[in-house]
Each structure stands twice: as C-alpha cells, then as structure tokens.
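Visitor: Structure below; questions to follow.
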Amino acid sequence: MAEDQIILKHVTKRFTTKTLGTVTAVNDFNLNIHEGECFSFLGPSGCGKTTTLRMIAGFEDLSEGEIHLCGQPVSIKEKNLYVPPERRGLGMVFQAFAVWPHMNIFDNVAFPLQIKKVPHDEIKKRVKEALHHTSLDGMEDVYPSDLSGGQQQRIALARAIVTNPKVMLLDEPLSNLDPKLRESMRFEIKALQRKFGFTVIFVTHDQSEAMAISDRMMVCDMGNIMQIDTPSNLYNKPVNRFVHNFLGQSTFLHVVLDHGQVYARGDMQNPLPLTIPEKADKEMVVATRPNAIDLNRDHGFKTHIYSRVFLTDTAEYLVPIGDQLLKIQTPHRITFAKGEECYVDFTHVMWYPEEDESAEAERAKRQLV
Amino acid sequence: MNIGKSRKTSDLAALDGATFGLDKAMTLVSFVLLFVIVFIPIFMIVYNAFFFEGRFDIEMFQNVVFSKDNVDAMTNTVIIGVAVTFFGTVVGLFYAWLLGRSDIPCKGLMRALFMIPYMFPPFFGAMAWDMLLSGRGGYVNTWLMNAFNLETAPLNINSLWGIIFVEVSYYFPFVFMQVVSALERMDPTLEESARIAGATQGTVIRKITIPLVTPAISAGALLILISSLAHFGVPAILGFSKQIYTLPTVIYACIDRAGGSFEGIRQGAALSILLVFVVAMALILQKIVLSSGSFDIIKGKSMRPTLIKLRGAKYPLLFLSVITLIVIVLVPLIMIFLEGLVKAYGLPLIPENFTMENFRNLATSKATMDSIRNSLFLSISAGVICMFLGVMVAYVVIKIKPKGKEILEMLSVLPYSIPGTVLAIGVILAWSGALWGISLYNTIWIILVAYMARYLSFSMKSASASLQQVHPSLEEAARACGASHTESLKDVTLPLIRPAMVAGFFLIFLPSMRELTTSILLYGPYTRTLGVQIFALRDSGQIPQASALAAIAILIIIVCNFIVTQITKDRKGV
C-alpha cells in the first residue's frame, strides 16, 4: 500500500457540549488518499470536514480509530499513540492566513527552516525560491499588514512549501479572498502542486472550487461520509439526494410508480416519459439538473409555461407537473411565452427513495453548535 | 478611529441660514468648559513654578529640585515605579497565560477573583499589611518572634520592598486584564501554523504568543508605571513612619507642613513639575512603545484555542494561584474587618477582644458621618456632571468635528495621565483667589472641580466608543421623518448611547468614592471625604476606627460593583 499516503481507519470524533450533549462530529471515516493526489473535503458547515483535517494535522485528538501519514502511524487511539503537529512534517494553509504580523515576509517564510536549524545560506536560498514560486519576489522586508489578503495568503503558501512537505493541508484557504482572486489562486495552488508533486487535502464548502481543483473528493454531511469519487462521477452519479442537491443545481420531482408507469405526484392520469429503474419503491424522487431537461414543442410530457425569468446566461422556466413546479433552464435561443403550451422530456435522471424529513431537523440542530 | 463611512453630520440649520445652532453652542461650551476645568490648573502650576510676582524666577525651582531630600524622593519614586512595573508585569503575564491558555480548572471563578484588587484602593491593602507586618508589633511579626525567639522582626513592610509588594498586588490586574483579553481575541491559527512549521509548544510561546501580545503587555505595563509613579496612598501609609518619601508624598508633606501658606504651595508646584517630568518620561516611552506596533490578531473563524495540558504541573499551579489569591485578596480584606472589630490596636485578634464599639463610634461621630455624606455628594455630582459633559464633548469630537477637535480630545484625556497630586495643586493655585478673585479653597466645590477634571476622560471615552457605533444614517433618518436636530438628538442618539452613559457614571462614581490622592490636598475642616477621614483616623492613631470605616467603605464598594454588573449585564448593544 505504498501508494496510499494518508490513511484514515475508523476515525471518529465526539464532542461533548453543555447544550447538546455528545455530538459525533466525525463518524467512522475510512479514507485512502494517494500520493500526489489532490483530494477535497466538501460539505456544509458542521459536516466534520475541518475536524477531520485538524485530526490529520494533529490539533485534535481522536475518539476512535487511527491515522497513518506516509506509512507512519501518527494517531492510534487504541495504543494512545499521538505524534504532535510539529513532528508530522506537514504544510498547512489556514483560512485567516495566520501570517505572523510581527515578522516580515522573510522571517515568516524562513520560520520553519529556522526551527529545523537549516544553515543560514540555505535558508536564504530556499526562501527566495519559495517567494519566487508565489510571485512575491523582492518583498522580503515588507510586513504583512501592508499587504492585501491575496498577498498574505501567498506568504502562507510560501511558508508551507518552503520545507518541501509531502502533504499539504489547505483549510478553506480561498474563502477570505474576493471571487476574482479566488479563481487565480486556485490555479496557482494547482500549478504549485504539479511542480512540487505534494499531496493536497483541500477543505472547502464551495463546490465549484472543489470541482475545479480535485482529482477526487469526499462529500460529507453531519459527520458522515456521503460519497467519495471523482468530480465528474459526483456530479453525474450522486449516490443520494443530499449529494445531488449539494453539487450544482438540482430539480426534484416526487413521483408515484403504478402499473409499470411513472406518474408525477398529484397527476395519476398522464404518465411521465421515464423508464422505471431496476430497484424501485412505490414512491420515489426523480432528480435531475434544470439544464438537463428538454423543453420543446413536440415530444414528452404535455404541460404549459407557468413563469419565465431571464437570467444572464440562461432563461429559467417553471413548468407545472402534477402538484409540483419543475425548474428548467434553457439557452436563450429557445423561447416560450408565459402560458404557452409545451412538452417536457428528460435526458438524464437519478432515482432516489423518498427520504424522511428528520434529517433536515438534525442538520438545523447541528448548525447551532 | 475614523470609520470610513461616518460623515460629519452637517448642521442643516447652518445651511438654512441660521448662524447659531445647537451644534455651535455645544462646541463652544465644550471648549470653554475644558479650558476652565483642565487647562487653567495645569497652566497655573507651570506658571507658579517659574514665575513669582510676575517675574521669571527659577530660584525656587532650583532650590526644590536640588534639595537632597527631594532627590531622594525622586529616586524612591523611580525605584518603586520600575520595580512595581517589572514585578506587576511578570505576575500579570503569568496568571494571564495560565488562565487564558492552559487547562487549569476553575478559570471563570479565578478570573473574577483576580480582578478584585482592581476594585479597592491600594491604601486599604497598605493599612492591612501594616497591621500584619509592621516592624514594630505587626501581628505576623510578633507571632514569628514569639515562635522562633527572634530578637528583631523578620519582615518589615515599612520599607521600599514593602511598598513595592503592596503596589504590585493592586496593580498587576492592569497587565493581567490586557493580556487575557488579547489572548482571547488572538487567532489560534497563528499559533497552530507555527506548530505545523515544526515549532514545539515552548518555542511557540516564545516566538509567536509573547511577541504577539507584546503590545498588550506594554500597554498594561505602562499603565502600572504611570499609576505607580503618581501613587500616594501606599507610600504615605507605609513610608512616613520610616521617612521613606516619594514625590507625591513629599508634595503632600510639604503642603501639610506649610499649613496652606502660599510659599508651601509654590514649593509643591515646583515639586509637581518634577513629578510631571517623571510621568512625562513614562508617557513618551508609552508613545514610542505603542506606536512601534499593535498587531491585528483578531481571529477570522471562531474556534476554541487549543489549551495547553499542564499534566503534572496542574495541581501545584492551581495551589500557587489559590495561595496568591488568598495573600493578595483575602488576607487584606479580612484583616480590615477583624481590626475594625478589635477593642484597641495591638490586642490579639481573638473573639474576647471583639466589639461593635468602633462601628457605633463612627455612627455617632459627626466628622465621620460628614465624610460619608461628602463623598456621596461628590461622587454622585461628579458622576452625573461628567456623564453629561462627557457625552457632549464626545458628540462634538465625533459627530460635529469642529476645527481644533484634537485640542478638545487632548484636553479631556490629559488629566488622566497627570498625577492626582499635581492636579490638586493646580486646582489650588487656580481657584483660591488668584484668578478673578474666585476662591473655592476649603469648600467642597474645589474638590468637585478637581474630580471633574480628573474623571471627565472616563465618561468621555465610554461615550465616544458608543457614539462611534451610532451610524449617522440613524440621525438622518429621524431628520427625514420630520424631527428637528434637537429632537433627533433627544429621541434617537441619546437613547442609543444611554447604556454607555450609565456605565460612564459608575466609572466615575466608584473611583470618586475611594479617592484619596487629590482630596487629601484639597479638604477643608468640614469637607473631609471618606478616604481622607480613614487616612486621618489612622494618622491620629485610631487604627481600629479607621479599619471599621474602611470596612464600611469596602461594603459600599462591593454593593455598588454588584449594581454595576447587574446593570451592564443586560445592557443592549447599539
């Protein structure tokens, strides 16, 4: 298993708070992250992604399970083994930059090398290199308070790569930056990874960021892993409603299966143009993307346009189907007027069982922690 | 601190052609009042130290400055100031770190207890320690001498070290509070990123944590230094018997000896210049240190900082903290109460010697009851007047922003850094008939004027912090709804800053109740304050009565503090 650089086995973390009692923030996580991979932890706040990252970094203890880094065990709860963060040899970049305001850029970036007692000339050389790779050439003497957020995050990056770590942990490093900058930093991080070949764990709640940067990603929710897969599989074959809804735009249709036909809830007269899947309950949810629905004038399910909104790149229609309104996005060249008769056909759908609503309530409760 | 968006609330009346609006009136009144209350006394000191009967005369200044006694006093002042600052900073820093970053138990409770010394005047502590450790007949000393058959007292509180010890125990909360709050506001990832970079916990404290809280440490340390340099009570109580003088006590002795003669007051003024010089040095130091860097260490993401596990050292350190608390908080307070109960000074503290006689005497003594009445009158009037004045000056500085607002700002905070002793001399020089024949000397008004000058900055700071939060659009919205400028002030702005005004009142009321430094130089036969009366009782040897009165003062302070916390607890943010 030389290829798996970061291994999590049955990792569990429980917190006890006064208001909620014991909460399982991370429930039985099993992960194998390969060498040189860019792996994202994605999920809404409170899903356990940051806690997992902090356990890998060594800032949190485990309640159960074990973590191995580069073939070495770093946390094993059973044996009470715990390697402190400073001996795990990681690079890490934090959301709030965590650039030391009392040191200039050179001292900030040189700090990890000084701790390692690297010779002075070597430090100078390597800091210069690190600053070059992060486009901070010649700014050694500047203090962080004189810099923009993007530049401060570059210092943090330079500080993380200067020791040439095998594993880089990025804890929402882009979410304090403005959108334009976020995109360019994303490419910079990716370019640095390609150059140095380190393994990246990237924590974010921004799906497009994760999609753009990752080789594989883990979507989690309320302390449970939902799905681990490539971005394309996650988008096209989400394993459940949560993942479907979390990545990209979703539109859901509650349907009833009867006599080999699929009916929209509230309309048992006109069947929908859908084939029943192999495993099917009586009531199910059909999930699709607003831009994957074919709105046309001749084939599919006959209905009419309820409302129309022009967005910048698409036109968005609401179309009644049974007792529900279906959201559809089309290019502007396809135009329907309000109230006009139309047909709806489905190009790509996923089938999910009806899920009870208690999960929503649990999520709301967790937000309070 | 200028918020980018805050604009000058333009006086719309002026646009309308009116020449004298409410804003102009407030600006004018603020300038005049601050000029009279603050500027004149300070000016009078400088003038009288160097001019005599209208002529430039440096002789007095030279005599005073080069007299050996005064040089000694100055040396003592500096030694005490520096030592108190050093030890106070070390103690404050240690406990701040322990309570802010380690996993020591009972944090909340201990934190509250460590703030207690801040509530009481240090001279109460000096009185208590004098009873316990005085070279001749302190309770502990007597006990130690009997127990170990010693010839001389092993500990002597009536010494430089004794003064330093008592001042440290009352002034370390300055550093403690500053550093605890800095540690709390600090982004924990600043420390975590150093751990990731390979630094051990010890290195992180040394290279990251301490440097980052250095601004807080130096702010607290300089507060200690300035307070200690200007401090009167402790050296007066512990030092007089052994002829250990500091600048504030030597000034007091000088005025006291002269019995109100102008010569004595002039001497005091010259000495004041010396004290001002010492404090000014400290202030310049403060400017340099503070401008050298305050860091933006506010956290981005709310997260519990990782607490450092003390493991084996946990209970020894807890024990040390408890001992510290007992010594600096509990022992002096209990001692004051016990001594207040004892029949005569020096009797052993056993139940047979206890009596309520001292308290009964106080209740029947006219001078004592007068002093309580005077202090209440002074504290409430100073509190109320300064509360409104503070709001007005803050409003002028922050919202109206006239030309010269920097002068207003400076004048209102200046007395805060001027030693109380010096301010008192300035007030005497200004208001005992030298100017326009106004003589307030020996009346209660002269004390009130001094309190106002001394404490105006407290309410002004509280009000400006609150006013800065009131966005100009709130007042503008009221104007747009048809309210006049006065109405919008009365119905919108004032209600919004009311909590800050109440806080401002207590910020002045509490220190006024226990004031000693200024009052001791200004009181007349019928205008003794609580602090002065305690000091005088003790000075005349009636130590049990003095303790009983101090015990009453402690109770008053505790009750008032309780009221303040109740009020500020459910205070609504603007």
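Visitor: Using Cα springs under 10 Å in a Gaussian network model of chain A, which residue among A:40, A:145, A:175 shows the largest mean-square fluctuation?
Guide: A:145
Visitor: Going by the alpha-carbon gyration tensor, a ≥ b ≥ c the square roots of its eigenvalues, is the range A:4-241 rounded (a/c under 1.5) or, if a/c is not under 1.5, prolate (a/b greater than b/c) versus oblate? Write out the running numbers ahead of the final one.
Guide: Values: a/c = 1.80, a/b = 1.44, b/c = 1.25.
Here the range A:4-241 falls in the prolate category.
Visitor: Placing +1 on the Cβ of each Lys and Arg and -1 on the Cβ of each Asp and Glu in the protein assembly as shown, which of A:106, A:24, A:189 has its Cα farthest towards the positive end of the resulting dipole?
Guide: A:106
Visitor: Given +1 on the Cβ of Lys and Arg, -1 on the Cβ of Asp and Glu, and no further charges, what dipole in debye does the protein assembly as shown carry about its Cα centre, rounded to the nearest 20?
Guide: Values: 84 positive and 80 negative charges, 293 e Å.
Dipole magnitude for the protein assembly as shown comes out near 1400 debye.
Visitor: Tell me, what does the Kirkwood hydrodynamic radius of the range A:63-117 come to in angstroms if you use every pair of distinct C-alpha atoms? Display every interim value, and only then the final one.
Guide: Numbers: mean 1/r = 0.0733 Å⁻¹.
Here the Kirkwood hydrodynamic radius works out to 13.6 Å.
Visitor: Here is a further query. Can you list the lysines whose alpha carbon sits under 19 Å from that of residue A:302, skipping same-chain ones fewer than 8 residues off?
Guide: Straight-distance partners of residue A:302: A:327, A:338.
Visitor: While we're here: Is there a simple number for the mean count of other chain Cβ atoms within 10 Å of the Cβ of residues in A:89-100, and what is it? All intermediate terms of the calculation are to be shown ahead of the outcome.
Guide: Values: counts 2, 4, 3, 6, 3, 9, 5, 10, 5, 12, 3, 10.
Counting other chains' Cβ atoms within 10 Å and averaging over A:89-100 gives 6.
Visitor: Now, a different point. Where in the range B:304-336 are there trypsin sites (Lys or Arg not before Pro) that are in a DSSP coil and have at most 11 other Cβ atoms within 10 angstrom of their Cβ? Present the calculation step by step, with values, prior to reporting the outcome.
Guide: On the way: sites: B:309, B:311, B:314; in loops: B:309.
Loop-located and lightly packed - B:309.
Visitor: Give the average, rounded to an integer, of partner chain Cβ atoms located within 10 angstrom of each Cβ in A:269-279. Display every interim value, and only then the final one.
Guide: Numbers: counts 0, 0, 0, 0, 0, 0, 0, 0, 0, 0, 0.
The per-residue average across the peptide is 0.
Visitor: Note the angle between two axes, namely the Cα long axis of helix A:120-133 and the longest principal axis of the Cα atoms of chain A, as a number of degrees from 0 to 90, rounded to the nearest 10.
Guide: It works out to around 20 degrees.
Visitor: Which one, B:385, B:236, B:58, is farthest towards the positive end of the dipole of the protein assembly as shown when Lys and Arg carry +1 and Asp and Glu -1 on their Cβ?
Guide: B:58
Visitor: I would also like to ask the following. Report the one residue of A:68, A:220, A:90 whose Cα lies farthest in the direction of the positive end of the charge dipole of the range A:4-241 (charges on C-beta: Lys and Arg +1, Asp and Glu -1; origin at the Cα centre).
Guide: A:68
Visitor: Using only Cα atoms, find the angle between the long axis of helix A:358-367 and the longest principal axis of chain A, and express it within 0 to 90 degrees, rounded to the nearest 10.
Guide: 30
Visitor: Moving to a separate point now. Find, among the trypsin sites (Lys or Arg not before Pro) in the range B:100-207, those assigned to loop by DSSP (not H, G, I, E, B) with at most 13 other beta-carbon atoms within 10 angstrom.
Guide: Values: sites: B:101, B:107, B:111, B:136, B:185, B:195, B:206, B:207; in loops: B:136.
Qualifying residues, ordered by number: B:136.
Visitor: Turning to a different aspect of this structure: Scanning chain B for helices, which whole DSSP H stretches are 24 Å or more long along the axis (Cα) and average 0.0 or more by Kyte-Doolittle? Could you put the intermediate results ahead of the total?
Guide: Working: long enough: B:68-101 (48 Å, 0.95); B:160-185 (37 Å, 1.17); B:210-229 (27 Å, 2.00); B:262-291 (42 Å, 1.70); B:366-395 (43 Å, 1.18); B:444-469 (37 Å, 0.77); B:494-513 (28 Å, 1.68); B:543-569 (38 Å, 1.78).
Taking the DSSP H segments of chain B (at least 24 Å long, mean hydropathy at least 0.0), we get B:68-101, B:160-185, B:210-229, B:262-291, B:366-395, B:444-469, B:494-513, B:543-569.
Visitor: Which shape class applies to the range B:67-355: rounded if a/c is under 1.5, otherwise prolate when a/b exceeds b/c and oblate if not, where a ≥ b ≥ c are the square roots of the Cα gyration tensor eigenvalues?
Guide: Numbers: a/c = 2.63, a/b = 1.37, b/c = 1.92.
Judged from the Cα gyration tensor, the range B:67-355 comes out oblate (a/c at least 1.5, b/c at or above a/b).
Visitor: Also, I was wondering about something else. By average Cβ neighbour count within 10 Å, what is the ranking of B:171-177, A:162-168 from highest down?
Guide: Numbers: B:171-177: 25.9, A:162-168: 20.0.
Ranking, from highest mean packing down: B:171-177, A:162-168.
Visitor: Sorted by mean Cβ packing within 10 Å, highest first, what order do the peptides B:240-246, B:439-445 take? Each step should come with its number before you reach the end.
Guide: Working: B:240-246: 17.7, B:439-445: 16.0.
The densest-packed peptide leads the list: B:240-246, B:439-445.
Visitor: Pick from A:234, A:42, A:181: which residue has the top mean-square fluctuation in a GNM of chain A where Cα pairs under 10 Å get a spring?
Guide: Comparing A:234, A:42, A:181 in the GNM, the peak value goes to A:181.
Visitor: A further question follows. For a bin width of 20 Å, list the pair-distance distribution of the protein assembly as shown built from all Cα-Cα distances, rounded to whole %.
Guide: 11, 31, 30, 19, 7, 1
Visitor: Name the most mobile residue of A:268, A:222, A:92, meaning the one with the largest mean-square fluctuation, in a Gaussian network model of chain A with Cα contacts below 10 Å.
Guide: The residue that fluctuates most here is A:268.
Visitor: Let me make sure I get this right: for the range B:176-300, a, b and c are the square roots of the gyration tensor eigenvalues over alpha carbons, sorted descending. Under 1.5 in a/c it's rounded, otherwise prolate if a/b > b/c, else oblate. Which is it?
Guide: Values: a/c = 4.41, a/b = 3.05, b/c = 1.44.
Taking the square roots of the gyration eigenvalues as a ≥ b ≥ c, the range B:176-300 is prolate.
Visitor: Same structure, new question: Using just the helices of chain A, give the 222 nm mean residue ellipticity in deg cm²/dmol: DSSP H runs with n ≥ 4 each add -39,500 (n - 2.57), and the total is spread over all residues, rounded to 500.
Guide: The helix-only estimate for chain A comes to -7500 deg cm²/dmol at 222 nm.
Visitor: Sort B:159-165, B:416-422, B:493-499 for me by packing, meaning the mean count of neighbouring Cβ atoms within 10 Å per residue, highest on top. Let's see the in-between values first.
Guide: On the way: B:159-165: 20.7, B:416-422: 22.7, B:493-499: 17.3.
Taking the mean over residues of other Cβ atoms within 10 Å, the ranking is B:416-422, B:159-165, B:493-499.
Visitor: Quick check: Cα centre of the range B:197-244 to Cα centre of the range B:337-366, how many Å?
Guide: Here the two parts' Cα centres lie 38 Å apart.
Visitor: Counting each DSSP H run of 4 or more residues in chain B as -39500 (n - 2.57), what helix-only mean residue ellipticity at 222 nm follows after dividing by all residues, to the nearest 500 deg cm²/dmol?
Guide: Numbers: 29 runs with 398 residues, N = 574.
After summing the helix terms and dividing by the residues of chain B, the value is -22500 deg cm²/dmol.
Visitor: Roughly how big is chain B's charge dipole about its Cα centre, with Cβ charges of +1 (Lys, Arg) and -1 (Asp, Glu), in debye to the nearest 20? Could the numbers behind the result be given before it?
Guide: Values: 43 positive and 32 negative charges, 303 e Å.
Computed about the Cα centre, the dipole is about 1460 debye.
Bear in mind that the values in this text are calculations on the coordinates, not laboratory data. None of these values were measured; they are calculated from a predicted model. Note: ideal-geometry Cβ built from the backbone for every residue, glycine included; neighbour counts use all protein chains shown.
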